[in-house]
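Working notes, structure below.
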2 protein chains.
Amino acid sequence: MQEAIQDILKKNQLSITGSRVKILELFLDQPGALAHGDIERRTGEKFDRVTVYRTLQVFLSKGIIHSIPTADNSVLYALCKDECGEGHHHDNHVHFVCDKCGNTVCLDEVTVPVIRLPRGYKSSQIQVVVNGKCKACSRD
Amino acid sequence: MQEAIQDILKKNQLSITGSRVKILELFLDQPGALAHGDIERRTGEKFDRVTVYRTLQVFLSKGIIHSIPTADNSVLYALCKDECGEGHHHDNHVHFVCDKCGNTVCLDEVTVPVIRLPRGYKSSQIQVVVNGKCKACSRD
DNA sequence: AAACAGATGCAACTTTGTTGCAAAATAAAT
DNA sequence: ATTTATTTTGCAACAAAGTTGCATCTGTTT
Ligand SMILES: [Mn+2]
Ligand SMILES: [Mn+2]
Ligand SMILES: [Zn+2]
Ligand SMILES: [Zn+2]
């Protein structure tokens, strides 16, 4: 685990620091997406708010995490599983937001569909966010 | 024009006030989506910021406008063209954000596709946001 | 161990959004 | 047309979210 984290940081030419290790750990420890606030809480406010912002920005620009748009316009982040790198993200999967438990997850196995646009429009990226009940919540 | 606006407000049992008329006018005057900030600017800061927030909230709850999630998590609003009403929105169309001119539009003729979810997931709503170049911007 | 580059924390600030309340405007009743 | 009742508005104060500059500290390289 600690090794995997150090690998990720080294591969992206980032120095290994407390906040980066801890925040990466949070992402690797659970399957879903995290909001800035979640991270502050789960680190026990050990790091300055500004440091968390900057760490997320660096991870984002390096292609370690990607951001997820949601219907209520809160900012969520999740680990990139494909081979994303500095500048080029390929996270063309669908995101799912559970209305009951609030969790947001990447559905890596569900790729975004082709959208037929009207004449003249050129698409560069497509974001699909599905709301509903997740596996756990639709059982009961 | 003024009549159409009054009709909309009456139909939704809203009193006819300066801010509501002016803000509806803005939406009717142009084809795209508007952010809160756009509205403040285009009204020439004639109305209090709080009034604009409350007006948008009322319009949203009445089904006069709908909100659009974007990749950069800014909040946009656009007129509902279908028959949306208090509580029930049916804005199942794709949204397009132009990376060049920044405009966001409703592609009313492009309906959101069916998404096959993994076993156990139940969907209640699907948001599709396409980025790229709009008709005007892809010409040059 | 020393030197350098980069990351952190702090303070100060901006932007965005919310709430309570008195004053003003609108709608309804007389 | 006036009065009354109901909404809406603007203001002030606040809270939350995000940004920037700068001095200090930490990690990396030699
Ligand atoms: Mn994802
Ligand atoms: Mn729309
Ligand atoms: Zn759930
Ligand atoms: Zn354009």
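Of the residues making up the range B:115-130, none is more than 9 Å from chain A (Cβ to nearest Cβ) and among the polar types (S, T, N, Q). Annotation for the range B:83-91: at least one member residue is under 28 Å from B:Ile5 (Cβ atoms) and hydrophobic (A, V, I, L, M, F, W, C). When we screen A:Asp99, A:Asp38 for residues that are surrounded by fewer than 19 Cβ atoms within 10 Å (Cβ to Cβ), more than 14 Å from chain B (Cβ to nearest Cβ) and within 16 Å of ligand 3 (Cβ to nearest atom), the only hit is A:Asp38.
Of everything in the range A:4-19 that is within 9 Å of DNA strand D (Cβ to nearest atom) and in contact (Cβ under 8 Å) with a residue 24 or more places away in the chain, the residue that is farthest from A:Glu45 (Cα to Cα) is A:Leu14. The set of residues in the range B:73-85 that are away from chain A (no Cβ under 11 Å) and small (Gly, Ala, Ser) comprises B:Ala78, B:Gly85.
Do we have A:Val105 as within 12 Å of the chain's Cα centre (by Cα) and within 10 Å of another protein chain (Cβ to nearest Cβ) here? Answer is yes for this residue.
Residues are listed down the side, and each one gets a yes or a no for (1) over 24 Å from A:His66 (Cβ atoms); (2) within 16 Å of ligand 1 (Cβ to nearest atom); (3) β-branched (Val, Ile, Thr); (4) at the interface with another protein chain (Cβ under 9 Å from one of its Cβ atoms):
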| position | (1), (2), (3), (4) |
| --- | --- |
| B:Pro31 | yes, no, no, no |
| B:Ala71 | no, yes, no, yes |
| B:Gly87 | yes, no, no, no |
| B:Val110 | yes, no, yes, yes |
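The listed residues are B:Ser74, B:Ser124, and the only one of them that is modelled with pLDDT under 95, of a type in the set (Ser, Thr, Tyr) and exposed (fewer than 13 other Cβ atoms within 10 Å of the Cβ) turns out to be B:Ser124.
Only one of the numbered conditions (1) away from ligand 3 (no atom under 16 Å from the Cβ); (2) farther than 21 Å from B:Val105 by Cα; (3) not acidic (Asp, Glu) is violated by A:Leu76, and that is (1). The residue that is farthest from the chain's Cα centre (by Cα), among those in the range B:44-69 that are more than 14 Å from chain A (Cβ to nearest Cβ) and of a type in the set (A, V, I, L, M), is B:Val50.
Checking each residue in the range B:64-96 for being of a type in the set (D, E, K, R), closer than 24 Å to A:His95 by Cβ and away from ligand 4 (no atom under 16 Å from the Cβ) picks out only B:Asp91. Please enumerate the residues belonging to the range B:37-58 that are modelled with pLDDT under 95 and either within 9 Å of DNA strand C (Cβ to nearest atom) or among the charged types (D, E, K, R) (or both). Answer for the range B:37-58, where residues must be modelled with pLDDT under 95 and either within 9 Å of DNA strand C (Cβ to nearest atom) or among the charged types (D, E, K, R) (or both): B:Gly37, B:Asp38, B:Glu40, B:Arg41, B:Arg42, B:Glu45, B:Lys46.
Among the residues of the range B:41-59, those identified as loosely packed, with under 12 Cβ neighbours inside 10 Å and more than 21 Å from B:Ala78 (Cβ to Cβ) are B:Gly44, B:Glu45, B:Asp48, B:Val50. Within the range B:18-33, the presence of at least one residue that is surrounded by 13 or more Cβ atoms within 10 Å (Cβ to Cβ), within 22 Å of A:Val130 (Cα to Cα) and of a type outside the set (Lys, Arg) is confirmed. Going by the conditions given, is A:Leu24 touching a strand residue (DSSP E or B) at 6+ places or on another chain (Cβ under 8 Å) and part of a helix (DSSP H, G or I)? Here the answer is no, as A:Leu24 does not meet what is asked.
Condition check ((1) polar (S, T, N, Q); (2) within 16 Å of ligand 2 (Cβ to nearest atom)) across all residues:
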| residue | (1), (2) |
| --- | --- |
| A:Ser61 | yes, no |
| A:Val105 | no, no |
| A:Ile115 | no, yes |
| A:Gln125 | yes, no |
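For the range B:27-59, a residue qualifies if it is among the β-branched types (Val, Ile, Thr) and either touching a residue at least 60 places away in the same chain (Cβ under 8 Å) or in a helix (DSSP H, G or I) (or both), and the qualifying residues are B:Ile39, B:Val50, B:Thr51, B:Val52, B:Thr55, B:Val58.
The values are calculated or read from the model by the stated rules, or taken from the named source; none is laboratory data. Predicted, not measured: the structure shown is a model, and the values here were computed from it. With ideal geometry, Cβ positions are generated from the backbone for all residues, glycine too; neighbour counts draw on all protein chains shown.
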